[in-house]
Amino acid sequence: MTSDFLVIGSGIAGISFAIRAAEHGSVTLITKNDPLNSNTAWAQGGISAVLPNGLRDQNDSIEKHIADTLDAGAGLCDEETVRTIVGEGAQTIEELVSWGTTFDRKNDRYSLGREGGHSERRILHSKDTTGHEIASSLLDTAHDTPGLKILTDHIAIDLITTGKLGNITDNRVIGAYVLDKSTGEVHTLRSDRTILATGGCGKVYLYTTNPDSATGDGVAMAWRAGATVANMEFIQFHPTCFYNPAATGPEARSFLISEALRGEGAILLNEKGEEFTLNYDKRGSLAPRDIVARAIDTEIKKTGATCVYLDVTQKQKGFMAQRFPFIHQTLLQFGHNAEESPIPVVPAAHYQCGGVVADPDGTTNLRGLFAIGEVACTGLHGANRLASNSLLEGNVMARRALARILQQSPPGDNTAVASIPGWEHGDTAPPDELVNIYHNWDEIRRTMWDYVSIVRTDKRLLRASCRLRNLDREVREFYWGYRVNADILELRNLVSVASLIVDCAIHRKESRGIHFTLDFPEPDPHYQKDTIMHRS
């Protein structure tokens, strides 16, 4: 199958790109699960944007949003990239609304929230299910867009490059091998314009706010193809994930309690009822996420408690049901009434700030490959993402990537290549062998949680590296020896991404943002470079 554009991923970045690109040529978008089971769809808080005069808070400005982003990024943001993406916030909101997204309003103006690290109210939201509102409106628009074909339950195996086909003078991405999960067949999808929009890698950790689909597929595939990857040590932990040891199932373990609650006055307390965050930062519960997550981690270890508490009981009765109905109802289903008692919370892996090195227009070091959204490392987030900047980044990068492609390689300008060989399966895996896949998946996630989480040391990182090398050998045997399925592919990607995180963490000999190591507790003013990994 040949398309002018091949989009891998169905979050805000992928679908935004696909809708626009369909005006200029044929588009095939693949998604390995229901598109409404993505990090975009799971986002609660909202999307940050400085609106035009008359629609925003009088004190806010684009310069303030830029300053907040740079401050949260702990000295590692690329200021030009920050200015580019933050500067297109109003355009993004206008575009999303034109595609059917509805944001909360108050008195004929948008109701703006505030989150940690933001100096002003600039978060547009749709109650506490903003991501679902955006994802569903984009998906509806995509289904009504001529020339856009969506292949659900399809997972990319690997990118196809001319280098792998034997071309020694030019290495370009010309498509991907894709597994149809429902039939087990592998299809060759040919395109000179392949867009990675696969999101992050939260499932590499034992506890995460991400859906099961967040297995780092895009980073792993790009890395194997020869793309440059950077700053994977910067995995952001969200400070407030619901803690309830009596609850079962992934929904209970992964249920995020939006930072927007703290923006509306909720306060973090320790088991003694003390507002402990003020001991770590004068902004208290509204400090940037890296500071708050570390404060919670320190408090839990210092006191021996199993969690801390997010207190919203001081708000007027009915506040939760009106402003955060999804969170309120979900907590009630788990047996907790947030209006009567503080919510038990712990940090959990949340967002990948590093990734495939890309310009704000998605350009990578591989011709024909563009990376947009969370899978990309542009310099916007630096060493720590500012809350609610990610949905903004996904939409802006999609718009800019299409503009760059139309300028450089418009549809119809296809390069001839040698015939692409079909996929060859290994033997069929016997059912009892699949048990080892699940065991390895669990071992990767526990290793990462125990040795590569909020607070790190070189000794822990080296232990993780040793274990991952052994796991990598086992996973290679599975991949090459048996017929591929989604579990084997995701396991292969997880071990690759986990190894990149550990390697990057070992290379950074300082504490900066969300990479905190006891061996080098202070940022090094002379250490401002990225941890860049090149495929040998």
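The values are calculated or read from the model by the stated rules, or taken from the named source; none is laboratory data. All of these numbers come straight from a predicted model, not from anything done at the bench. Positions of Cβ are backbone-derived with ideal geometry, glycine not excepted, and every protein chain shown enters the neighbour counts. In case anyone asks, the SASA skips ligands and DNA or RNA and just uses the protein heavy atoms, side chains included. Shrake-Rupley method; radii C 1.70, N 1.55, O 1.52, S 1.80 Å.
When DSSP beta bridges are limited to those with both residues in the chain, what percentage is antiparallel, rounded to the nearest 5? List each step's numbers first, then the result.
Working: 36 of 59 bridges.
Approximately 60 percent, going by the DSSP bridge assignments.
At 1.4 Å probe radius, can you tell me the per residue accessible area of the range 349-494 in Å²?
With the other protein chains kept in place, the range 349-494 gives 42 Å² per residue.
Multiply the residue gap between D450 and T102 by 0.36 nm, knock off their C-alpha separation, and tell me the result in nm, one decimal place. Write out the running numbers ahead of the final one.
Details: separation 348, 0.36 × 348 = 125.28 nm, distance 4.09 nm.
Full extension from D450 to T102 adds 121.2 nm.
Express in whole angstrom the spacing between the alpha-carbon centres of the range 140-205 and the range 1-80.
The range 140-205 and the range 1-80 have Cα centres spaced 20 Å from each other.
Please give the FRET efficiency for F334 paired with E474, using the beta carbon to beta carbon distance and R0 = 35 Å, rounded to the nearest 0.05. Walk me through the numbers before you get to the answer.
Values: r = 36 Å, r/R0 = 1.04.
Calculated value: 0.45.
Filter the trypsin sites (Lys or Arg not before Pro) in the range 482-513 to those in DSSP coil with at most 13 other Cβ atoms within 10 Å of their Cβ, and list the result.
Answer in residue order: R483, K509.
Work the Kirkwood hydrodynamic radius out for the range 216-372: mean of 1/r over every pair of different alpha-carbon atoms, inverted, in Å. Don't skip to the end; give the middle numbers.
Values: mean 1/r = 0.0572 Å⁻¹.
Computed over Cα pairs of the range 216-372, the Kirkwood hydrodynamic radius comes out at 17.5 Å.
Averaging over every viewing direction, what projected area does the convex hull of the Cα atoms of the range 449-495 cover, in nm²? If you can, show how the numbers build up before the last one.
On the way: hull surface 14.1 nm².
Orientation-averaged projected area of the Cα hull: 3.5 nm².
With N denoting the number of residues in the chain, provide Rg(C-alpha) divided by 2.2 N^0.38 Å, to two decimal places. The partial results should precede the final answer.
On the way: Rg = 22.3 Å, N = 536, 2.2 N^0.38 = 24.0 Å.
Working it through for the chain, the quotient is 0.93.
Quickly estimate the mean residue ellipticity at 222 nm for the chain, helices only: each DSSP H run with n ≥ 4 gives -39500 (n - 2.57), and the total goes over all residues, rounded to 500. List each step's numbers first, then the result.
On the way: 16 runs with 186 residues, N = 536.
After summing the helix terms and dividing by residue count, I get -10500 deg cm²/dmol.
Per q in 0.13, 0.16, 0.18 1/Å, what log10 I(q)/I(0) does a Debye calculation on the alpha-carbon atoms of the range 95-252 return?
Calculated log10 I(q)/I(0) at the listed q: -0.95, -1.24, -1.33.
Please tell me the relative contact order of the chain in percent, rounded to the nearest whole number, where contacts are Cα pairs under 8 Å and at least six residues apart.
21 percent
Per residue, how much accessible area does the range 144-226 show when a 1.4 Å probe rolls over the protein heavy atoms, in square angstrom? Provide the component values of the computation, followed by the final result.
Details: 2530 Å² over 83 residues.
Per residue, the range 144-226 has 30 Å² of solvent-accessible surface.
Among T303, V375, L29, whose Cα sits farthest toward the positive end of the charge dipole of the chain (+1 at Cβ of Lys/Arg, -1 at Cβ of Asp/Glu, about the Cα centre)?
It is T303, whose Cα lies furthest towards the positive end.
Using a Debye calculation, one point per C-alpha and no hydration shell, please list log10 I(q)/I(0) for the range 2-130 at q = 0.12, 0.14, 0.19 Å⁻¹ in order.
-0.56, -0.74, -1.17
Please list E63, E264 in order of solvent-accessible area, largest first, computed with a 1.4 Å probe with all protein chains present.
E63, E264
Between K149 and W423, what is the spin-label point distance in nm, taking each point 7 Å from the Cα along the Cα→C-beta axis?
1.6 nm
Tell me the net charge near T215. Cut-off is 14 Å between Cβ atoms, T215 excluded, with +1 for each Lys or Arg and -1 for each Asp or Glu.
Numbers: positive: K32, K181, K203, R445, R492; negative: D212, D217, E374, D442, D487, E490.
Value of the local net charge: -1.
Which loop-located chymotrypsin sites (Phe, Trp or Tyr not before Pro) does the range 142-250 contain, where loop means any DSSP state but H, G, I, E or B and the Cβ has at most 16 other Cβ atoms within 10 Å? Each step should come with its number before you reach the end.
Details: sites: Y177, Y205, Y207, W223, F234, F237, F242, Y243; in loops: Y205, Y207, F234, Y243.
Passing both the DSSP loop test and the Cβ count: no residue.
How high is the FRET efficiency between E522 and T306 when r is their beta carbon distance and R₀ equals 25 Å, given to the nearest 0.05?
Values: r = 30 Å, r/R0 = 1.20.
E(calc), rounded to 0.05, equals 0.25.
Using mean Cβ contacts within 10 Å as the protection proxy, how do 359-367, 99-107 order, highest first?
On the way: 359-367: 20.9, 99-107: 13.6.
Packing proxy ranking, top to bottom: 359-367, 99-107.
If DNA, RNA and ligands are ignored and the probe is 1.4 Å, what is the ranking of H132, H143, H328 by accessible area, most exposed first? It would help to have the intermediate numbers written out before the result.
Working: H132 85, H143 125, H328 15 Å².
These residues rank, largest area first, as H143, H132, H328.
Within the accessible area of the chain, what % is carbon and sulfur when the probe is 1.4 Å and the other protein chains stay in place?
Values: 10040 of 20880 Å².
Roughly 48 percent of what the probe reaches on the chain is carbon or sulfur.
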